[in-house]
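Worksheet for the structure shown next.
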């Protein structure tokens, strides 16, 4: 709990205790001094504390009048204190919420080449979990205000707003983003969001979810680099588990979400070599240094080569895909100081 809110809540509890004490003193005093019944004593105490101006149940004698004067003065001070604390608490809570949003927006504004995820449903949350495992910076755009508590619990940066509005996308830093994931449940919404995102950032990689195969070409035309059909992928995967179960189980275990289970990495060759001593995959000697094995190569034109030859020459702006156990991947990251 925020320390400021906790401080005010403690003061509110103190004010409530004081109100209970003054109420008890008033009831007891009228019972003993004026001889009222418990109900009449409570009635007199309440109308005195609230200063509503009703008449006495029974005319007061001098002792009762003096007691009433002190009860009124004490009540005005304590009730006034309680009201001021409650008002200050409400105002401070609103200010704290505003400061929290400003602090989070400041963090978002400092991001570059991050990922923007539109929608925090099943697919969006799965994407966020994967990005967390790889320590990638990302911002979630979610329209549903009720999801805010879940976003806070998960500890992610977020913007509450309609992704169809350019202002909301700008809040998430789309113009500075390196990748954009549209995981909204409706294909029409995904289409509009992809179109808007592409207009705001011509260079970022856009990945969109689609429910219908008929939406695939439309999303590609709108500017999506990749379109994912979760239902189709799920069906293909289940069929593959029937046809080649052992192979699919092995592939599933290569890259399970979770920091301790990351077994595949894609790394820019610029982080691994220099032109003087390293020119080929063989020169990297990753197997001996880290235990990792190079299983793929993506050249500068974006073309993939599976199981590349050891003599393959490494080119700038290309990447290698390596396979290894978690501890071997950690060794690779430590060897070449990869974030």
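The single condition among (1) free of Cβ contacts under 8 Å to residues at least 24 places away in the same chain; (2) closer than 24 Å to residue 338 by Cα that residue 129 does not satisfy is (1).
For the stretch 102-121, check the following and say yes or no: at least one residue is within 30 Å of residue 208 (Cα to Cα), in contact (Cβ under 8 Å) with a residue 24 or more places away in the chain, part of a helix (DSSP H, G or I) and out of contact with any strand residue (DSSP E or B) (no Cβ under 9 Å at 6 or more places or on another chain). Break it down into steps so the answer makes sense when it comes.
Quick first cut of the stretch 102-121, residues within 30 Å of residue 208 (Cα to Cα) only: 102-121.
Within this subset, residues satisfying the condition of being in contact (Cβ under 8 Å) with a residue 24 or more places away in the chain are 104-105, 107-109, 111-121.
Applying the additional criterion that residues be part of a helix (DSSP H, G or I) yields 104-105, 107-109.
Then keep just the ones that are out of contact with any strand residue (DSSP E or B) (no Cβ under 9 Å at 6 or more places or on another chain); that gives 109.
Within the stretch 102-121, one or more residues are within 30 Å of residue 208 (Cα to Cα), in contact (Cβ under 8 Å) with a residue 24 or more places away in the chain, part of a helix (DSSP H, G or I) and out of contact with any strand residue (DSSP E or B) (no Cβ under 9 Å at 6 or more places or on another chain).
Residues that are exposed (fewer than 13 other Cβ atoms within 10 Å of the Cβ), in contact (Cβ under 8 Å) with a residue 24 or more places away in the chain and part of a helix (DSSP H, G or I) within the stretch 61-70 comprise just one, 63. On the basis of being surrounded by 13 or more Cβ atoms within 10 Å (Cβ to Cβ), at pLDDT 80 or above and part of a helix (DSSP H, G or I), does residue 73 make the cut? Judged against the criteria, residue 73 is not a match.
If a residue counts only when it is under 20 Å from residue 131 (Cβ atoms) and at pLDDT 90 or above, which helices (runs of 4 or more DSSP H) contained entirely in the stretch 186-273 have at least 3 such residues?
Working: elements: 187-200, 215-222, 230-243, 245-252.
Answer list for the stretch 186-273: 187-200.
Could you tell me whether any residue of the stretch 166-180 is part of a strand (DSSP E or B), under 25 Å from residue 105 (Cβ atoms), in contact (Cβ under 8 Å) with a residue 12 or more places away in the chain and assigned by TED's automatic domain parsing to the domain that holds residue 119? Yes, the stretch 166-180 has at least one match.
Mind listing just one residue for me: the one in the stretch 34-60 that is part of a helix (DSSP H, G or I) and buried (at least 17 other Cβ atoms within 10 Å of the Cβ) and, of those, farthest from the chain's Cα centre (by Cα)? Checking each candidate, the answer is 34. Of the set (1) in the same structural domain as residue 188 (by TED's automatic domain parsing); (2) crowded, with 16+ Cβ neighbours inside 10 Å, all apply to residue 89 but (1).
Which residues, counting only those in the stretch 323-339, are closer than 18 Å to residue 281 by Cβ and assigned to a loop (DSSP other than H, G, I, E, B)? Explain how you work it out, then say what you get.
Here is the first cut: in the stretch 323-339, the ones closer than 18 Å to residue 281 by Cβ are 323-324, 328-329, 331-332, 335-336, 338.
Within the stretch 323-339, 324, 336, 338 meet the criteria.
Selection of the stretch 144-163 for residues being surrounded by 18 or more Cβ atoms within 10 Å (Cβ to Cβ) and not in a strand (DSSP E or B) yields 147, 151, 156, 163.
What residue, among those in the stretch 280-295 that are assigned to a loop (DSSP other than H, G, I, E, B) and surrounded by 14 or more Cβ atoms within 10 Å (Cβ to Cβ), is farthest from the chain's Cα centre (by Cα)?
Filtering first and then ranking leaves 291.
All told, residue 97 falls short of being at pLDDT below 90, outside any loop (DSSP other than H, G, I, E, B), surrounded by fewer than 14 Cβ atoms within 10 Å (Cβ to Cβ) and in the same structural domain as residue 198 (by TED's automatic domain parsing). One residue alone among 291, 296 is modelled with pLDDT of 85 or more and in contact with a strand residue (DSSP E or B) (Cβ under 7 Å, 6 or more places away or on another chain), and that residue is 296.
The values are calculated or read from the model by the stated rules, or taken from the named source; none is laboratory data. These numbers were taken from a predicted model, which means no experiment stands behind them. Virtual Cβ from ideal backbone geometry, glycine too; neighbours counted across all protein chains shown.
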